[in-house]
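Worksheet for the structure shown next.
The values are calculated or read from the model by the stated rules, or taken from the named source; none is laboratory data. Because the structure is predicted, anything quoted here is derived from the model rather than measured. Neighbour counts run over all protein chains shown; Cβ positions are idealised from the backbone, glycine included. SASA here: full protein model, heavy atoms, side chains in, ligands and nucleic acids out. Shrake-Rupley method; radii C 1.70, N 1.55, O 1.52, S 1.80 Å.
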Amino acid sequence: MEKLKSLFKSKADQLSTEIKEIIKEHGTKKIGEVQLAQIYQGMRGITGMIYETSLLDAQEGIRFRGFTIPELQQKLPKAKGGSEPLPEGLFWLMMTGQLPTESEVEELRVDWSARAKNIPAHVFKAIDALPVESHPMTQFVVGIMAMQTDSIFVKKYAEGVNKKEYWGLNYEDSMNLIARIPQVAAYVYRRKYKNGISVQPDTSLDWAGNFAHLLGFDSDTFKELMRLYLTIHADHEGGNISAHTTHLVGSALSDPYLSYAAGMNGLAGPLHGLANQEVIKWIFEMRKSIGNENPTSEQIAAYVQKTLTDGKVVPGYGHGVLRITDPRFTAQQEFAKKHMPDDPIVNIVWRIYETVPPILKSLGKIKNPWPNVDAHSGALLIHYGMKEYEYYTVNFAVSRALGVLASLCWSRALGFPIERPKSVTTDNVKAWLKGEDSIWE
Ligand code: CMX
């Protein structure tokens, strides 16, 4: 058994024993109360699941196994000559709770490189069956779904397997899927925007570096950007739509291909991951509408007011949990300061950052007026020539695979059951309010 797999299993067995003890001793303790409004408002603030790989603090931002993004940038192994963390290292950390050594990361890189081979031809044929104009996320998810024919979990489950074996089958599927995702994602990009001319993988490169190469962007700084991008977008605790959906679907013992594809359909919504395309679209439309390539703060403020008056959201701003500038925004801003401080679109993003929060704050109803991860990512990609903003959510999906699939491995290894919360109707609520229905008593 490879080192990561056996280390993961031993950590999971240990945690599983601890969880049994926790439930036995403290299982009846109350962890909070739920107010009626919360079940009408997207269950915001209700703690309802265990998700081991990362934790979000409203005032501080994301921590992956206790490490902030700047700490990851400092502590995770880098590519030769690079200064950004390798996503392989983050995956190792999420799977084990331990920072990996350089040789452990190299072992994982080699493993993924080997697993990436022999993607079935029908995966690409399934994508090719779609009109080339189809949204890149649609093409990507169809490719993932087509690849489900390779699920080891499905084969073994059909043959009849002891539930104690689920974790290992799930692990194998997850590892194969992560290894192959960059090729499927890049195929969609090259098909839609580069006349279908694909690039062959470079097995000497790391996962993110090879993804950049497969997309057709071979500069060292674009590869560094991808290492940072694929690290910081990987996970954002468990309640966000892509993570929660993957977790929920996986709890039915749907295999990792089905579970991840389901989660990515959620990522493709404009209030979640699609916001990164919406930000750039919004900036382009603003420039056109104003007739100025380099809008002033006053012009941006007026366009924000128009967006709000038109009943639209300002993309890239606000968050369901965070109440500060997203540290993922800050990490990208720091990258831009280092590599492209004079880039015109990046400068617009920064001017929007100065202008938008006071306006959103003044409305009084928006809980978080600060930028999220999606407010900055597109501008960095444009700088390197990736102007096709409809594609951006696929980049996000490539990264998100690391977090949601690491978590899926944990859920199966810990033997988590099928997820099935209770729902009620408003008629139940009305009757309860009149004392005629005892739904919550
Ligand atoms: N622009 C305009 N209005 C906004 C807003 C924004 N950026 N953010 C929140 N609001 C509005 C909400 O639509 C809601 O309005 P109504 O009461 O009229 O329905 C009100 O403010 C309160 O919302 P909230 O409690 O502050 O925010 P939610 O937790 O309901 O929603 C989010 C969070 C992210 C969906 C929301 O802020 C939003 O739509 N932002 C823009 C889209 C975006 O950037 N999404 C990406 C998030 C990060 C990610 O997942 O990738």
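Descriptive notes on the structure:
- Calculated P(r) tail over 40 Å for the chain, as whole % of Cα pairs: 19
- At least 30 Å along the helix axis (C-alpha) and Kyte average at least -0.5, DSSP helices within the chain: 166-193, 392-413
- The trypsin sites (Lys or Arg not before Pro) of region 355-441 that DSSP puts in a loop, and whose beta carbon has at most 11 other beta carbons within 10 Å, are LYS365, LYS422, LYS434.
- One Cα centroid belongs to region 178-195, the other to region 270-325; the line between them spans 28 Å.
- Anchor LYS29: lysines whose Cα lies under 19 Å away (excluding residues fewer than 8 positions away in-chain): LYS20
- With all protein chains modelled, accessible area of ASP13 [1.4 Å, Å²]: 70
- Ranking ARG323, ARG190 by solvent-accessible area of protein heavy atoms (1.4 Å probe, all protein chains present), from largest to smallest, gives ARG323, ARG190.
- At a probe radius of 1.4 angstrom, the accessible area of the chain per residue rounds to 46 square angstrom.
- At most 13 other Cβ within 10 Å, DSSP loop - GluC sites (Glu not before Pro), region 33-72: GLU33, GLU60
- Measuring only protein heavy atoms, the 1.4 Å probe finds LEU271 accessible over about 150 Å².
- Reachable aspartates and glutamates from LYS422, criterion Cα separation under 17 angstrom, eight or more residues apart if same chain: GLU33, ASP437, GLU441
- Database remark: amide H of GLY318 closer than 5 angstrom to the amide H of TRP370, ASN372 (H placed geometrically; neighbours at sequence offset of 5 or more, or on other chains; Pro and chain starts carry no H).
- Pairwise centroid distance, computed over Cα atoms, of region 3-30 with region 55-82, Å: 25
- Residue-by-residue Karplus 3J(HN,Hα) for region 52-64, coefficients 6.51, -1.76, 1.60, Hz, glycine and proline x: 7, 7, 7, 9, 9, 10, 4, 9, 10, x, 7, 10, 9
- Gaussian network model of the chain, springs between alpha carbon atoms under 10 Å - residue of ALA212, ALA336, ALA129 with greatest fluctuation: ALA129
- Residues with amide H under 5 Å from that of ASP437, placed H, sequence gap 5 or more: TRP432
- Residue ranking by accessible heavy-atom surface, 1.4 Å probe, largest first, among VAL34, VAL346 comes out as VAL34, VAL346.
- Here the average projected area of the convex hull drawn through the C-alpha atoms of region 266-415 stands at 10.0 nm².
- Apportionment of accessible area to carbon and sulfur, the chain, percent (1.4 Å): 54
- Loop-resident sites, region 192-281, for trypsin sites (Lys or Arg not before Pro), counting at most 16 other Cβ within 10 Å (DSSP): LYS194
- Estimated translational D of region 234-289 in µm²/s (Stokes, Kirkwood radius over Cα pairs; 37 °C; 0.692 mPa s): 266
- Candidate residues ASP206, ASP128: accessible-area rank, largest first, probe 1.4 Å: ASP128, ASP206
- Between the residues THR231, TRP207, TYR187, the greatest Cα displacement towards the positive end of the dipole of region 172-249, with unit charges on the Cβ of Lys, Arg, Asp and Glu, is found for TYR187.
- Proximity of backbone amide H atoms, modeled 1.01 Å from N, is registered between SER54 and ARG65, GLU237 at under 5 Å, excluding neighbours fewer than 5 places apart on the same chain.
- Computed on the Cα trace of region 21-105, the radius of gyration divided by the Kirkwood hydrodynamic radius gives Rg/Rh = 1.13.
- Accessible surface for SER103 stands near 80 Å², nearest 10, in the context of the full protein assembly shown (1.4 Å probe).
- Once you reduce region 362-409 and region 88-126 to the center of their Cα atoms, the two points are 22 Å from each other.
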